[in-house]
Amino acid sequence: MSIRRRAAALGAVSLGLLALSACEKPTPLATVTVGGDTVTTEATADCYADGDKLTEKVFLACLNGTPKKTLTVHAGDKVRVGVDPAIGEKGWIVASGTSGKSGLLKDVTYRSFDAETLFSDAQTGQTADQITLNVIETAGTQQYLGVWQFKLKMAD
């Protein structure tokens, strides 16, 4: 191989490595499936600290954020929630807004819920037309590591 070709090859490899180093590491994914519709999302940059604990202020802001992904749910549907194994190992919680809908889920990557369970408020007994489904990665009591959000709308 000529010196010119070697230099060109080395330059191409160097540029490729430089381009890869500029990329941000993606966050783990959370997925929600209703019927045949599936949406997957990453946590927003402010709502995932690569395994570090979120401050209480940031965590509360994440819970009250606006989801980018929406699914329509019909009465009687099963809502299936899945997470990356990295989230499943540490532990996670499913919440409708700020109201917990599951206990701590640890060493599992999947959970399914009846639509009615997610849309009903246990304290008031009322049913909502839409909810923000929060998937929360946790490392124990008051140690929240990430929040993934989905908007679920009850079909008319």
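Within the stretch 113-156, all pairs of alpha-carbon atoms sorted by distance into 5 Å bins from zero give the percentages 5, 19, 22, 19, 17, 13, 3, 1. Once you divide the Cα radius of gyration of the stretch 82-156 by 2.2 N^0.38 Å, the number left is 1.11. Considering only alpha-carbon pairs that sit under 8 angstrom and 6 or more positions apart, the relative contact order computed for the stretch 17-156 is 30 percent. The stretch 96-156: which trypsin sites (Lys or Arg not before Pro) are DSSP loop and have at most 12 other beta-carbon atoms within 10 angstrom? Passing sites in the stretch 96-156 are Lys106.
Ligands, DNA and RNA left out, the accessible area of the stretch 99-156 computed with a 1.4 Å probe is 42% carbon and sulfur. In this structure the stretch 21-139 gives 56 Å² per residue of accessible area when probed at 1.4 Å with all protein chains present.
The values are calculated or read from the model by the stated rules, or taken from the named source; none is laboratory data. Just so we're clear, the structure is a prediction, and the values are computed from it rather than from any experiment. A quick note on method: Cβ atoms are made from the backbone with ideal geometry, for glycine too, and the neighbour counts reach across all protein chains shown. Please note that ligands, DNA and RNA were not included when accessible areas were found on the heavy atoms of the full protein model with its side chains. Shrake-Rupley method; radii C 1.70, N 1.55, O 1.52, S 1.80 Å.
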